[in-house]
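Worksheet for the structure shown next.
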Amino acid sequence: MSPSPRPPLRRTALERTPMSVRELKRIEVFARVKAGTLKVKDAAVLLGVCERQGKRLWREYRRKGPRGLRHRSAGKRSNRAKSTAWRRKVVGLYRRKYGGNAKRDEAPFGPTLAAEHMGKDDQTPVHPETLRRLLIAEGLWARKRKGVAHRQRRERKAHFGELVQVDGSFHEWLEGRGPRGCLIQAIDDATSTAEGRLSDQETIWAAAAVLRRWVERYGIPHALYTDWKNVYLREPTEAERASGCVPRTQFGRMCEKLGVDIIGASSPQAKGRVERSHGTSQDRLVKKLRLKGISDHAAANAYLAREYYPGHNARFARRPASEEDFHLPVPRGLDLDEVFRLETEHTLGNDWVVRHDNRYFQVQRQSRYAPARSRVLVCEYEDGSLGIEYRGQKLAFEEIPAPTPAAAGKPEAAGTKRSSKPGAQHPWRRRYGDMPDRLPWPSRRPEGCGNDSGVDAQRTSVHPALETSRSARDSHIPTSP
């Protein structure tokens, strides 16, 4: 006998009843009231409502059960909800204008940026969070959660010359046989090909020498990755920030002439490849210099160019992921001496004299119209020679001695004070009886002012008025017999 077939399962749609914590607490309290263990008056006290409100809630609970305690707006559409047509309009605008293009390698706009442009450019204001939810619902955006920090090496650049990291390392490279120095290294990010130079400090000339050697050997790289030292990059001054000018260092100007971008690293870990190369050099180079008996920077630089870096690159350099070389050849007619130089602007005086580095140079007259008070360019080359240019034209000049300062009086010793004793004829040093009869200055009282005519006549002679008799002068003072 075959078993009877089972009846089909009934699919019951379960309706979700969202409730808050407060509503669930009310259900628990009124369940105790229903069981008879709690009075409605006491339930109102537990719920923090008045007795009248407690009775109303109890009445709803008896009529509808737990569902009667739910808020009336739960599960309903908000009165402030956007219409379906508005949602379709916003999503369509994002797809058409801000969704990006994977074929052209264009990344889509984020919700915040897209909302800003929609409100400003398309007159369609939308809150970024609203737009984010719409895009997630349409599958146009994914939730991005901040992951746990990890330590993973950045992928190398694919092309040789695409990015060259430059940095200096101070170390006892000569182990006390010579001065302490700084090894400035340039290392390619794709191949680990390195080049370097040892100098006293991490100066502009030292960095320029490394870059010039790299350019002469491999070509002009696409970009340099450096730290925020004043040799490579600097912060703008107040005047530059106000005028919107981009700050440039002397090294940055050299790179600009070559078309090389400079990227500033935010931390030493960001340029870890050159930092690790410093560690390798501090181990291997120090020992090799010791074996060679090198004790000065000039001999060390000759050894670096002749033996160390060719062997280092043969051992540690690797093939790039792409065979295409991003180096550019030096343009024909470009003189690297005119690139790797220091340039400073000065004002030409009325006498055609330029002052540079506390030295004075007399510019020879080139035409009948003198560029007095004009800005000229003083160029300083690596060998110490100088040149002066005006509007791209070189000017003839000669160095002259500094002007002699004007003779100045002998300075007084500190702490001394010159005596201010008046002369013998000064009124302060004369006795009262020796004073003149007339005042040395005229009367300042205007004429015809009341009855002052007699007073003015008396003021022409001071001492006669003062030499009146003692009895008339001192009549108000009692005298002893």
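Only the coordinates and a few stated rules stand behind these numbers; no lab work does. Values in this document were obtained by computation on a predicted structure and should not be read as measured data. Cβ atoms come from the backbone with ideal geometry, glycine included; neighbour counts cover every protein chain shown.
Summary table below
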read-out: Ordering of 53-63, 115-125 by burial proxy (mean other Cβ atoms within 10 Å per residue, highest first); value: 53-63, 115-125
read-out: Cα-based Lys pair tally, the range 164-316, threshold under 27 Å, eight or more apart or on separate chains; value: 5
read-out: Ordering of 175-183, 270-278 by packing [mean C-beta count within 10 Å, highest first]; value: 270-278, 175-183
read-out: Simple label model, 7 Å out from Cα along Cβ direction - Arg88 to Val330, nm; value: 6.7 nm
read-out: Given Lys25/Lys64; Lys82/Lys103; Lys25/Lys55, the pairs whose alpha carbons are separated by over 22 Å; value: Lys82/Lys103
read-out: Size of electric dipole in the range 164-316: Cβ of Lys, Arg +1 and of Asp, Glu -1, about Cα centre, debye, nearest 20; value: 500 debye
read-out: Positive-end residue, the range 220-352 charge dipole about Cα centroid, Cβ charges, pick of Leu233, Tyr309, Ser243; value: Tyr309
read-out: Ordering of 41-49, 240-248 by packing [mean C-beta count within 10 Å, highest first]; value: 41-49, 240-248
read-out: Extension gain (nm, one decimal) between Tyr360 and Arg180, 0.36 nm per residue minus Cα-Cα; value: 61.3 nm
read-out: Cα-centred dipole magnitude for the range 340-400, charges only on beta-carbon of K, R (+1) and D, E (-1), debye, nearest 20; value: 440 debye
read-out: Computed P(r) (all Cα pairs; the range 164-316; 10 Å bins; percent); value: 11, 41, 33, 12, 3, 0
read-out: Size of charge dipole - the range 84-138 - debye, nearest 20, with Cβ of Lys, Arg +1 and Asp, Glu -1, no other charges; value: 240 debye
read-out: Virtual paramagnetic centre 7 Å along Cα→Cβ of Asp351, amide N under 13 Å, in the range 384-400; value: 400
read-out: Inter-probe distance in nm under a simple model that places probes 7 Å from Cα toward Cβ, at Ser243 and Glu307; value: 5.2 nm
read-out: Inter-site label distance for Val40 and Lys257 at 7 Å from Cα along Cβ, in nm; value: 9.6 nm
read-out: Positive-end residue of Ser169, Ala299, Ala208, charge dipole of the range 164-316 with Cβ unit charges; value: Ala299
read-out: In the range 293-393, the trypsin sites (Lys or Arg not before Pro) that fall in loop regions by DSSP, at most 14 other Cβ within 10 Å; value: Arg318, Arg332, Arg365, Arg368, Arg373, Arg391
read-out: HN-Hα J in Hz across the range 75-87 - Karplus 6.51, -1.76, 1.60, θ = phi - 60°, x for Gly and Pro; value: x, 9, 6, 5, 5, 9, 5, 6, 6, 5, 5, 5, 5
read-out: Contour minus Cα-Cα distance for Ala317 and Gln425 (0.36 nm per residue); value: 29.1 nm
read-out: Chymotrypsin sites (Phe, Trp or Tyr not before Pro) within the range 349-394, DSSP loop, no more than 15 other Cβ atoms inside 10 Å; value: Tyr369, Tyr381
read-out: Extension gain, Glu28 back to Ala299 (0.36 nm per residue minus Cα-Cα distance, nm); value: 88.6 nm
